[in-house]
Amino acid sequence: MNDAANSAVAPQPIAVAASDGTELEAELAWPSAATAVVVLSHPHPLYGGDMWNPLIDHLFRALPAAGVAALRYNFRGAGSSGGSHDDGKAEQLDAAAAFDAAARLATEQPGSDPPPPVVSAGCSFGGDVSLAAHHDHLAAWIGIAAPLRIVDPATMSSPTDPRPKLLLVPQHDQFRCPAEAAEITESWTNTQLEVIAGGDHFLMGHARAVTEDITSFVAGL
C-alpha cells in the first residue's frame, strides 16, 4: 500500500465516447503510483442503477485509498450519458470505451513503465455487460453479483479467454445463487468463484468485503 492510502483522492470528470459516438458521463480517481486501474460498471439503469450506486460509490472511493485507480461511468441513457438503454447490447460498446479510456490513461501516467494493469469490475447488469465486452488491454474481469442472464453467457467473450476472471457471488443472491453460478461457469477458463457470505444481490453491508476481495485479486495479477 502506498501513500495514497493515507488520504482521499479527488475525482475528476473525464470524456469517454463509445465507438458509435455516444458520449458517456465518467469520473476518474487516480492515486499516485497506482498499482492498477479498475473500471467500474454499474447495476441496471432501468431499476435505479447508475455510477453513484452505493456499492460502486464505495469502490470508487475505497480502491484509490488502497492505491488502485478507479474509473466509473454511466451507461447510455443513465445520468448525463447520451443515448438510450439497449438491454445490454449497445452497452457493451460503453464498457469497451471505458476500458479504452483506462488503458490510455494508464500509458500516459508519468513513471508508469510498464503501465498498471486495467481490470474490469462490473456489478449486476454491469457484471454481465462487462463480462461480454472484449478488450485487448484488459488484464482481468471481475463480476460482482452478475446474474449471468441479461447477456447470454454463451455469447460472452470472457469465458473462453485465458485471462483471469473473478466472480463474487452473494450467498443469498435472489437472481443467481452460487450453485447455479458455479454450474454455468464450470467450463470457463481461468475463473475463480468466491461466495460473499451472508450477502444478497444488493450486497448492503458487504462493501468492505467486496473491496478486500477485489484488492486482493488485483494484487495477484
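The values are calculated or read from the model by the stated rules, or taken from the named source; none is laboratory data. These numbers come from a predicted model, not from an experiment. Note: ideal-geometry Cβ built from the backbone for every residue, glycine included; neighbour counts use all protein chains shown. Ligands, DNA and RNA are stripped out before the accessible areas are found, and what is left, the full protein with its side chains, is counted by its heavy atoms. Shrake-Rupley method; radii C 1.70, N 1.55, O 1.52, S 1.80 Å.
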Checklist entry - If you go through segment 150-206 one residue at a time, how many are touching a helix residue (DSSP H, G or I) at 6+ places or on another chain (Cβ under 7 Å), touching a residue at least 60 places away in the same chain (Cβ under 8 Å) and either surrounded by fewer than 18 Cβ atoms within 10 Å (Cβ to Cβ) or of a type outside the set (A, V, I, L, M) (or both)? => result 0
Checklist entry - Listed residues Pro115, Pro64; which is out of contact with any His (no Cβ under 7 Å at 6 or more places or on another chain), open to solvent by 50 Å² or more (accessible area, probe 1.4 Å), on the phi < 0 side of the Ramachandran plot and not small (Gly, Ala, Ser)? => result Pro115
Checklist outcome for this item: Checking Gly21, Gly88, Gly83 in turn, the sole residue that is over 23 Å from Ala139 (Cα atoms) and in contact (Cβ under 8 Å) with a residue 12 or more places away in the chain turns out to be Gly83
Checklist entry - For Thr160, all conditions in the list (1) over 27 Å from Asp50 (Cβ atoms); (2) under 18 Å from the mean Cα position of the chain (by Cα); (3) of a type in the set (Val, Ile, Thr) hold save one; what is the number of the exception? => result (2)
Checklist entry - Given (1) surrounded by fewer than 22 Cβ atoms within 10 Å (Cβ to Cβ); (2) modelled with pLDDT of 95 or more, where does Ala15 come up short, assuming only one miss? => result (2)
Checklist entry - How about segment 128-149: which of its residues are among the small types (Gly, Ala, Ser) and either in contact with a helix residue (DSSP H, G or I) (Cβ under 6 Å, 6 or more places away or on another chain) or open to solvent by 10 Å² or more (accessible area, probe 1.4 Å) (or both)? => result Ser130, Ala132, Ala133, Ala139, Gly143, Ala146
Item to check | Hey, Ser80 open to solvent by 80 Å² or more (accessible area, probe 1.4 Å) and either assigned to a loop (DSSP other than H, G, I, E, B) or among the aromatic types (Phe, Trp, Tyr) (or both) or not | outcome: yes
Checklist outcome for this item: Being open to solvent by less than 50 Å² (accessible area, probe 1.4 Å) and either touching a residue at least 12 places away in the same chain (Cβ under 8 Å) or closer than 12 Å to Leu71 by Cβ (or both) narrows Leu93, Leu105 down to just Leu105
Checklist entry - List the pairs whose first member sits in segment 125-136 and is within 13 Å of Pro153 (Cα to Cα) and in contact (Cβ under 8 Å) with a residue 12 or more places away in the chain, whose second member is of a type in the set (Asp, Glu) and in a helix (DSSP H, G or I), and whose Cβ atoms are under 7 Å apart, counting only residues at least 6 apart or on separate chains? => result Val129/Glu91
Next on the checklist: Testing Ala101 on (1) of a type outside the set (S, T, N, Q); (2) touching a Ser or Thr at 6+ places or on another chain (Cβ under 9 Å); (3) assigned to a helix (DSSP H, G or I), one condition comes back false. Which one is that?
Outcome noted: (2)
Checklist entry - What about Ile214, is it closer than 21 Å to Ala102 by Cβ and touching a Cys at 6+ places or on another chain (Cβ under 7 Å)? => result no
